[in-house]
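Everything below concerns the one structure shown next.
The values are calculated or read from the model by the stated rules, or taken from the named source; none is laboratory data. Please read these numbers as outputs of a predicted model, since none were measured by experiment. Note that each Cβ is placed from the backbone with ideal geometry, even for glycine, and that neighbours are counted across all protein chains shown.
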Amino acid sequence: LAWAEPASAGRQERKLRAALSEAMRAAGGGSGAYVGNMTEGGRLFAKRAGDRRTLASNTKLYSTAATLGRFGPEERLETQVRGAGELTAAGAWLGDLYLVGGADPTFGSRSFARDYGSEASVEALATALDRAGLRRVMGRIRGDESRHDSRRGGPASDYQTSGFVGPLSALSFNRGESGGGFQSNPPKVAARQLTRALERRGIGVRDGAGTGTAPPAAAALAGVSSPPLAGLVRQTNKPSDNFFAEMLAKELGTSPGRGTTDRGANRAQAFAADLGSRARILDGSGLARGNRASPRAMVKLLVRLDARPSFEFAYPAFRSSLPVAGRDGTLSDRMRGKAAQGRCRAKTGTLPDVSVLSGYCRSRGGDRIAFSFLMSGIDVEAARDLQDRMANAIARFRG
């Protein structure tokens, strides 16, 4: 980012820098900040801005931007029922049916899906099969999660199920939750739920539910789709949903081959590098403490996403996915009634002794400002208070 500090600053700029400097002194040496004026193209403030720091959930800015950049905001993730057999005149399916996961984090029961504005449910699939004339399955319903690998977690949990995420699977039902715990075999659970939905419609399944990979020649018999990717990214960033973030990161890692966390993280890192934002990305959610970037690199990402012609169609979805100060998401209770309310939208992030906030403000003077505050080795509540003070100072700025 080729922004230089102006040789002479006006009174408003000096006032802003004084407020930001005071907050950064209180934050201590483990913290860094960078603030740039997107309207005027100048650097407003920098403190330890080139030092890489733990990103926590600011990692989601990298992973969701890369996902939007690759697939576009209108892409949908489809869960299908496929079969390699035949349907008799009497409505009997001769063979197995495969419930093939498309990495949709909203797939589940009708009530679960509706909570996310989705129609992707086992009930919808069962209804479609019923209308197609299916009356009995002379085989088994098999859950197929082969679109992604079968690792249930990311690097922060040694690729095992994490209590902060839930079990990952390309065929996840109700985000892998069951009776207050987590499912040990998500594709089998999903297949069992489809079996029950069919049976409630009077369609028998002779051999019950299991798992397996659909043969290449299996035909698509029914399908349900997620909301557009723009909606999934919004659901990821507004509440900082780790499950959605990790599911999308694996999907980013598909083609060629199965989607994996590592491949998705590498693609997010490469996407950012192409924008000039150097970062180390290990997962989609930010739970791994090794996700690192500098405040300057984070602002580069935010600014260049706005300016990149190939991202023009996706940028509104990315920007609108960020929580709005005092209004919604993880910022709904922060900066309420202050200058930043409704003027700043930013992604939060929290790990033990780590608190971060990066995003955009529209100042009272009409300037568009990008900022990143990455704070480590600090009490989280104290850090949030300092970040709020800094965002309010930016919102009050009249350049």
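Is there a residue being in contact (Cβ under 8 Å) with a residue 12 or more places away in the chain, of a type outside the set (Ser, Thr, Tyr) and under 25 Å from Asp379 (Cβ atoms) anywhere in region 254-267?
No.
For residues in region 274-303 being in contact with a Ser or Thr (Cβ under 7 Å, 6 or more places away or on another chain) and surrounded by fewer than 23 Cβ atoms within 10 Å (Cβ to Cβ), which is nearest to Gly32 (Cα to Cα)?
Here the residue is Arg292.
Just checking: which of the helices (runs of 4 or more DSSP H) contained wholly in region 195-290 hold 1 or more residues that are among the hydrophobic types (A, V, I, L, M, F, W, C) and more than 28 Å from Glu119 (Cβ to Cβ)?
Here the list reads 261-274.
Taking the conditions exactly as written (within 29 Å of the chain's Cα centre (by Cα), surrounded by 17 or more Cβ atoms within 10 Å (Cβ to Cβ) and β-branched (Val, Ile, Thr)), does Thr39 satisfy them or not?
no
Tell me yes or no: at least one residue of region 344-357 is among the basic types (Lys, Arg) and closer than 22 Å to Gly72 by Cα.
So far as region 344-357 goes, yes, one or more of its residues are among the basic types (Lys, Arg) and closer than 22 Å to Gly72 by Cα.
Filter the strands (runs of 3 or more DSSP E) completely within region 39-135 down to those with at least 1 residues that are closer than 25 Å to Ile369 by Cα and modelled with pLDDT of 95 or more.
Once the strands (runs of 3 or more DSSP E) in region 39-135 are filtered for at least 1 residues that are closer than 25 Å to Ile369 by Cα and modelled with pLDDT of 95 or more, what remains is 42-47.
So, in region 318-338, of the ones that are among the small types (Gly, Ala, Ser) and buried (at least 18 other Cβ atoms within 10 Å of the Cβ), which residue ends up nearest to the chain's Cα centre (by Cα)?
Checking each candidate, the answer is Ser321.
Among the candidates Arg200, Arg142, Arg135, which residue alone is touching a strand residue (DSSP E or B) at 6+ places or on another chain (Cβ under 8 Å), of a type in the set (Lys, Arg) and surrounded by fewer than 19 Cβ atoms within 10 Å (Cβ to Cβ)?
It is Arg135.
Could you tell me whether region 220-236 includes any residue that is more than 22 Å from Pro316 (Cα to Cα), touching a Lys or Arg at 6+ places or on another chain (Cβ under 6 Å) and not hydroxyl-bearing (Ser, Thr, Tyr)?
Yes - at least one qualifying residue is present in region 220-236.
Among the residues of region 301-327, write down those that are among the charged types (D, E, K, R), assigned to a helix (DSSP H, G or I) and either over 25 Å from Ala339 (Cβ atoms) or at pLDDT below 95 (or both).
Arg304
Determine whether Pro228 is free of Cβ contacts under 8 Å to residues at least 60 places away in the same chain, more than 16 Å from Tyr62 (Cα to Cα) and surrounded by fewer than 19 Cβ atoms within 10 Å (Cβ to Cβ).
no
For region 339-378, give me each residue that is under 19 Å from Arg234 (Cβ atoms) and buried (at least 23 other Cβ atoms within 10 Å of the Cβ).
Correct list: Cys344, Arg345, Ala346, Lys347, Thr348, Gly349, Leu357, Ser358, Gly359.
Could you tell me which residue of region 107-131 is nearest to Ala191 (Cα to Cα), considering only residues that are out of contact with any Asp or Glu (no Cβ under 9 Å at 6 or more places or on another chain) and free of Cβ contacts under 8 Å to residues at least 12 places away in the same chain?
By that ranking, first place goes to Ser111.
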